[in-house]
Amino acid sequence: MRKALRWLLALTVLIGTLSTAGAATAAEPEATDIKDQLLAIPGMSLIQEKPYTGYRYFVLNYTQPVDHHNPSKGTFQQRITVLHKDVSRPTVFYTGGYNVSTTPSRREPTQIVDGNQVSMEYRFFNPSRPDPADWSKLDIWQAAGDQHRIFKALKKIYTKNWISTGGSKGGMTATYYERFYPKDMDGVVAYVAPNDVVNNEDSAYDRFFAKVGTKECRDRLNAVQREALVRRAPLEKKYEAYAAENGYTFTTIGSLDRAYEAVVLDYVWGFWQYSLLSDCDSVPADAATATDDEIWNSVDTISGFSAYADQGLETYTPYYYQAGTQLGAPTIHFPYIEKKYIRYGYQPPRNFVPRSIPMKFQPWTMRDVDTWVKHNAHHMLFVYGQNDPWGAEPFHLGRGAKDSYVFTAPGLNHGANVAGLVADEKSLATARILDWAGVSATAVAKAKPLAKFDARLDVRDVEREPGLRP
């Protein structure tokens, strides 16, 4: 009986082996080309492939639910890009928090780890917008859900360590993603990420502008800003002609006068956000004797007179919506300008979003994120620029934070990065990024970027955007 049982068991194993072999023979061969692997992901479709030496670069659409709470309530196409190096390399997950660029580029962590890069367009920025658009589904949790689904889909291909990153609103986005999905990423590098915990308390910005740079530069900027308001009548006539020539309208903000003041009040902030102290030489030295054209050109160069026209606001409606519902927005004062010259002051985000879109602020959202970071940050690096206004309210780390850091690059603006840190902090930050990426111990010890600098891929300049946006 035992012999019969042993024979039956052997026969069963043999049949199972043959069946498995037959199934393997009959199955389709696994895709080996990266393009085929990406397009095998359910919901992924190709928009375009662009060649770049040493990489494969893909512009893709990925099907996302409009509402991650209720995935059956409709979908939309979210645009992403993949800069493919090799599946054996780490992957950097980047978002700028706005539209995604479809030109190949490599963010600083991607160069440091010599890895792949996945870039995501933020939901509701066209064309990644549901139709019809239910604006209540534009919040930081839904956006984190978008990243989580993309990560899960691509992690099957890019199996090595992942690091999320982003600058400004993108740095905020990387932080919020970590707050809601702390097990996804192996590290976070958040550049110049504002942290407006209490929306109605913005005195930190006033203190910043009282001390930034040098007194000489501050005085120049303040004088030009004031003079632009003193000369409001003649410069608004110039603005009317400019708007007519370019077809600009002002329905959302309410009037050309409101738009003009908004542009002028952005002037000092915009200078420090995008410029360096050395650029102060380009500011009119004596505003009182400067010509109207000199005042206009200086304000237009820094703030952009198209910013608050309907055509300038339209692209950034999703940002202003979020600023007015969750992110918060700064309010600053102008003690060097007489009250008679300021009619509206810093206008709230509500003024920059069409009235057809309802908005209600949620004051608990940023408090929750701030508290979580203080007590739970793990493998997180925050980098700020000393002269960047958005760094006036930064993220802070508490006792619960582990292997996390907040560094400030001296003299830098909204384009601050690891390369701009002082030597010791630069080495430490680079080493931690490499370690989180899971590269060799030798590479970590050297604390140097693994990929050579590429002038086309490694764009270091801060991305200029019209108006006051992080």
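The figures follow:
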read-out	value
Test for Tyr158: is it assigned to a loop (DSSP other than H, G, I, E, B), touching a residue at least 60 places away in the same chain (Cβ under 8 Å) and either within 23 Å of Tyr320 (Cβ to Cβ) or within 14 Å of the chain's Cα centre (by Cα) (or both)	no
Contacts under 9 angstrom Cβ, first residue in the stretch 185-213 being more than 29 Å from Arg460 (Cβ to Cβ), partner open to solvent by 40 Å² or more (accessible area, probe 1.4 Å) and polar (S, T, N, Q), 6 or more apart	Val197/Thr371; Asn199/Thr331; Asn200/Thr331; Asp202/Thr331
Options Thr289, Thr251; residue that is closer than 29 Å to Thr317 by Cβ, modelled with pLDDT of 95 or more, open to solvent by 10 Å² or more (accessible area, probe 1.4 Å) and of a type in the set (Val, Ile, Thr)	Thr251
Exclusive hit being of a type in the set (Gly, Ala, Ser), open to solvent by less than 20 Å² (accessible area, probe 1.4 Å), part of a loop (DSSP other than H, G, I, E, B) and on the phi < 0 side of the Ramachandran plot, set Ser105, Ser128	Ser128
Tally, over the stretch 235-259, of residues that are of a type in the set (S, T, N, Q), farther than 13 Å from Phe305 by Cβ and in contact (Cβ under 8 Å) with a residue 12 or more places away in the chain	3
Scan of the stretch 308-342 for residues that are among the hydroxyl-bearing types (Ser, Thr, Tyr) and outside any loop (DSSP other than H, G, I, E, B), ordered by number	Thr315, Tyr316, Thr317, Tyr319, Tyr320, Tyr321, Thr325, Tyr341
Selection status of Tyr176, under 22 Å from Pro389 (Cα atoms) and either of a type in the set (Ser, Thr, Tyr) or open to solvent by 40 Å² or more (accessible area, probe 1.4 Å) (or both)	yes
Test for Pro71: is it loosely packed, with under 14 Cβ neighbours inside 10 Å, under 30 Å from Phe125 (Cα atoms), in contact with a strand residue (DSSP E or B) (Cβ under 6 Å, 6 or more places away or on another chain) and modelled with pLDDT of 95 or more	yes
Matching residues in the stretch 66-83 - criterion: being closer than 18 Å to Leu154 by Cα and either out of contact with any Asp or Glu (no Cβ under 9 Å at 6 or more places or on another chain) or without any contact (Cβ under 8 Å) to a residue 40 or more places away in the chain (or both)	Gln77, Thr81, Val82, Leu83
Neighbours by Cβ (under 8 Å, 6+ apart or cross-chain): first from the stretch 418-432, in contact (Cβ under 8 Å) with a residue 40 or more places away in the chain; second open to solvent by 60 Å² or more (accessible area, probe 1.4 Å)	Val418/Lys426; Ala419/Lys426; Ala419/Arg460; Thr430/Lys448; Thr430/Pro449
Of the criteria (1) crowded, with 21+ Cβ neighbours inside 10 Å; (2) in contact with a Leu (Cβ under 9 Å, 6 or more places away or on another chain), which one Gly345 fails	(1)
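Residues checked against (1) in a loop (DSSP other than H, G, I, E, B); (2) out of contact with any strand residue (DSSP E or B) (no Cβ under 6 Å at 6 or more places or on another chain):
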site: Ala153; (1), (2): no, yes
site: Ile163; (1), (2): no, no
site: Tyr176; (1), (2): no, yes
site: Asn199; (1), (2): yes, yes
site: Cys217; (1), (2): no, yes
site: Gln225; (1), (2): no, yes
site: Leu235; (1), (2): no, yes
site: Thr251; (1), (2): yes, yes
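The values are calculated or read from the model by the stated rules, or taken from the named source; none is laboratory data. It should be emphasised that the depicted structure is a prediction, and the values quoted were computed from it without experimental measurement. Every residue, glycine as well, gets a Cβ built from its backbone with ideal geometry; the counts of neighbours run over all protein chains shown. Just the protein is used for accessible areas: all its heavy atoms, side chains included, with ligands, DNA and RNA removed. Shrake-Rupley method; radii C 1.70, N 1.55, O 1.52, S 1.80 Å.
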